[in-house]
1. For the stretch 48-95, enumerate the residues that are more than 12 Å from the ligand (Cβ to nearest atom), free of Cβ contacts under 8 Å to residues at least 60 places away in the same chain, surrounded by fewer than 18 Cβ atoms within 10 Å (Cβ to Cβ) and within 25 Å of V20 (Cβ to Cβ).
2. Mind counting the residues in the stretch 240-265 that are more than 13 Å from the ligand (Cβ to nearest atom) and on the phi > 0 side of the Ramachandran plot?
3. Give the residue, chosen from A191, A104, A178, that is in contact (Cβ under 8 Å) with a residue 60 or more places away in the chain and under 30 Å from R215 (Cα atoms).
4. What are the residue pairs meeting all of these: first residue in the stretch 114-135, first residue within 28 Å of F198 (Cα to Cα) and in contact (Cβ under 8 Å) with a residue 24 or more places away in the chain, second residue within 13 Å of the ligand (Cβ to nearest atom) and hydroxyl-bearing (S, T, Y), Cβ atoms under 6 Å, and 6 or more apart or on different chains?
5. Provide a single number: the residues in the stretch 218-239 that are within 25 Å of A275 (Cβ to Cβ) and more than 9 Å from the ligand (Cβ to nearest atom).
6. Within the stretch 1-47, can you find the residues that are surrounded by fewer than 23 Cβ atoms within 10 Å (Cβ to Cβ), within 15 Å of the ligand (Cβ to nearest atom) and among the polar types (S, T, N, Q)?
7. Might you check whether a residue that is in a loop (DSSP other than H, G, I, E, B), within 16 Å of the ligand (Cβ to nearest atom) and closer than 24 Å to R234 by Cα occurs anywhere in the stretch 276-294?
8. Taking the condition charged (D, E, K, R) and more than 23 Å from A259 (Cβ to Cβ), does E32 pass?
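Computed from the coordinates by the stated procedures, all read-outs in this text should not be read as laboratory data. None of these values were measured; they are calculated from a predicted model. Cβ sites come from the backbone with ideal geometry, for glycine too, and all protein chains shown count toward neighbours.
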Amino acid sequence: METEVDLSVEFAGVKLNNPVWTASGTCGYADELSDFTDVGKLGGFTTKSVTIRPRQGNPVPRAVETDSGMLNAIGLANIGVDEFIAEKVPILEKLPCAVFVNIAGETIEDYVAVARRLCEHKAIAGFELNISCPNVKHGGITFGTEPEVVKEITRAVKPACGGKVLMVKLTPNVTDIALTAKAAVEGGADAFSLINTFTAMVIDVEKRKPVLANRTGGLSGPAIKPIAVYMVNRVYNEVTKGAQIPILGMGGIRTTTDAIEFILAGASAVAVGTANFIEPGCTNKIAEGIRKYCQSHQVNSVRELTGAVE
Ligand SMILES: Cc1cc2nc3c(=O)[nH]c(=O)nc-3n(C[C@H](O)[C@H](O)[C@H](O)COP(=O)(O)O)c2cc1C
């Protein structure tokens, strides 16, 4: 007889039907994805970053393929919080899965203002804090690389979330990711997502110019997966295991095996980003794959696998 598998996960108090989400910036605001897959079956949906005012983003070219990955410098192009509330929240309200809104800004006050505008909306289970943005008040250094700033921004945004979950999205562009994770816990983070992209560069050798108009971009996709798995395991062991704080693991997930690796490393749930550009329905396939893995390994609940690497 086949093992009955429970794929549900409680993520910082939010009930998920399965542990597989979409990653921010790769599936718009859900309507873009619905032609390709059943968005109702997703474990969770994370929106593109939303900022206080609309943003055009960076000049083109702003994405380029690399070996086993891609580089992007979209520059947080988005419709801004007012249009997001008017046009997108009504769509997100219809989704049966947990919806997290990724918020971004140039100052701490920007982030607080976006969270305040959205905290009353029932469709939203929580916020993902994108701290990989340049902080204009600190000379353009990203918020997420300085532990003190990570604590400060988390502490400032938390009261603006109206009791909804605040998930801090960690950048891998640091020497020790456990230090920024600890700082976010001190600031009141309810959950983590990791990792965001690695700062990287591609050069056109004929033109002797960077391929991206922005010069640099963020590297994502399978190329970054083993580093992402390591970082999830480090944050799990050093910070979240004791504190019972869940991790949404991401970085190069393309297959069921990739997803299981992240869960064994310490993630309670996983998100798929770049792989959506190759196969937009892969998120739901990965969830089904996790069920089959559990069945064939006599695992009753996916929750048993979190952090189960020896
Ligand atoms: C085209 C593109 C746009 C992205 N936009 C955002 C964004 O707006 N906010 C954010 O926090 N992360 C953004 N990300 C990062 C992803 O959410 C994810 O953290 C990263 O790509 C690693 O996962 P992956 O290798 O599965 O893509 C973006 C990634 C890509 C490829």
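1. Result: P90, E93, K94.
2. Final tally of qualifying residues: 1.
3. So the residue among A191, A104, A178 that is in contact (Cβ under 8 Å) with a residue 60 or more places away in the chain and under 30 Å from R215 (Cα atoms) is A178.
4. What qualifies is E128/T46; E128/S193; N130/S49; S132/T142; S132/T171; P134/T142.
5. Going through the stretch 218-239 one residue at a time, the tally reaches 10.
6. Once the filter is applied, which keeps residues that are surrounded by fewer than 23 Cβ atoms within 10 Å (Cβ to Cβ), within 15 Å of the ligand (Cβ to nearest atom) and among the polar types (S, T, N, Q), the stretch 1-47 yields only T26.
7. Looking through the stretch 276-294, none of the residues is in a loop (DSSP other than H, G, I, E, B), within 16 Å of the ligand (Cβ to nearest atom) and closer than 24 Å to R234 by Cα.
8. Judged against the criteria, E32 is not a match.
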